[in-house]
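The following block contains the structure, expressed as structure tokens.
The values are calculated or read from the model by the stated rules, or taken from the named source; none is laboratory data. Predicted model only: the values in this text are computed from it and were never measured. As a convention, Cβ positions derive from the backbone with ideal geometry for all residues, glycine included, and neighbour counts pool all protein chains shown. All accessible areas refer to the heavy atoms of the entire protein, side chains included, with ligands and DNA or RNA removed. Shrake-Rupley method; radii C 1.70, N 1.55, O 1.52, S 1.80 Å.
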Amino acid sequence: MIACGRCNRPLKDPKSVERGYGPDCWATIQAEATRTTNRNGAEKSDFTYRINTSQGKPVLVITDLDRGGMSVTNNIEAIVQSIVAEIGERVYTMPIVYRDSMGRYDGVNGDSLQRNPFYFLNKDNETDAVIAAIQRQEEQICGTSH
Ligand SMILES: [Zn+2]
């Protein structure tokens, strides 16, 4: 009798026996692998981040270090996920701005990373970008609650 490599219960289905895991455990393993891949993807980019609280609200500021890796623009989903893995889900409640390799600041839609990851700020310094991102979030919250 072959046992599942994850939960140790006996495997009956020939397909399960072949891969060494039952269907539920296999699905769990696949999901974990996907998460790990996404997190590792952030390593393709050279970036740094910090929380800017100078305007009284936390704003996540991501900076593209432009050292020849994948640009933050092209890898934003993996980067935000890696930051969430480090400092937690509160990332999704903050406005997010990023500085591209040209030194321009634009906004990141933390809640829409796949469909529509960026919004236009076009600021040339962090202070202006942070103020604009906070304003935008406040307008959105106001718009949906009234
Ligand atoms: Zn199992």
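Determine the pairs where a residue that is within 10 Å of residue 83 (Cβ to Cβ) and open to solvent by less than 70 Å² (accessible area, probe 1.4 Å), located within the stretch 41-57, has a partner that is polar (S, T, N, Q) and outside any loop (DSSP other than H, G, I, E, B) with Cβ atoms under 8 Å apart, the partner being 6 or more residues away or on another chain.
Hits for this filter: 42/75; 42/81; 42/82; 47/63; 49/63.
Among the listed residues 113, 60, which satisfies the condition of being surrounded by 14 or more Cβ atoms within 10 Å (Cβ to Cβ), closer than 22 Å to residue 140 by Cα, modelled with pLDDT under 95 and hydrophobic (A, V, I, L, M, F, W, C)?
On inspection, the qualifying residue turns out to be 113.
The rows are residues; the columns are (1) assigned by TED's automatic domain parsing to the domain that holds residue 34; (2) within 19 Å of residue 56 (Cβ to Cβ); (3) open to solvent by less than 70 Å² (accessible area, probe 1.4 Å).
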{"site": "84", "(1), (2), (3)": "no, no, yes"}
{"site": "104", "(1), (2), (3)": "no, no, no"}
{"site": "107", "(1), (2), (3)": "no, yes, yes"}
{"site": "120", "(1), (2), (3)": "no, no, no"}
{"site": "137", "(1), (2), (3)": "no, yes, yes"}
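Just the residues that are in a loop (DSSP other than H, G, I, E, B) and near the ligand (Cβ under 7 Å from one of its atoms), please, taken from the stretch 9-24.
9, 21, 22
Six or more apart or on different chains, Cβ under 9 Å: which pairs go from a residue in the stretch 4-19 that's assigned by TED's automatic domain parsing to the domain that holds residue 30 and of a type in the set (Asp, Glu) to one that's more than 7 Å from the ligand (Cβ to nearest atom) and modelled with pLDDT under 95? Could you list them?
13/23
Which members of the stretch 86-102 meet the condition of being closer than 14 Å to residue 131 by Cα and either modelled with pLDDT under 90 or open to solvent by 20 Å² or more (accessible area, probe 1.4 Å) (or both)?
Matches in the stretch 86-102: none.
Checking residue 8 against (1) surrounded by 11 or more Cβ atoms within 10 Å (Cβ to Cβ); (2) more than 30 Å from residue 93 (Cβ to Cβ), only one condition comes out false. Which one?
The number of the failed condition is (1).
Is there a residue being in a helix (DSSP H, G or I), of a type in the set (Lys, Arg) and touching a residue at least 40 places away in the same chain (Cβ under 8 Å) anywhere in the stretch 87-108?
The answer is no, given that none of the residues of the stretch 87-108 is in a helix (DSSP H, G or I), of a type in the set (Lys, Arg) and touching a residue at least 40 places away in the same chain (Cβ under 8 Å).
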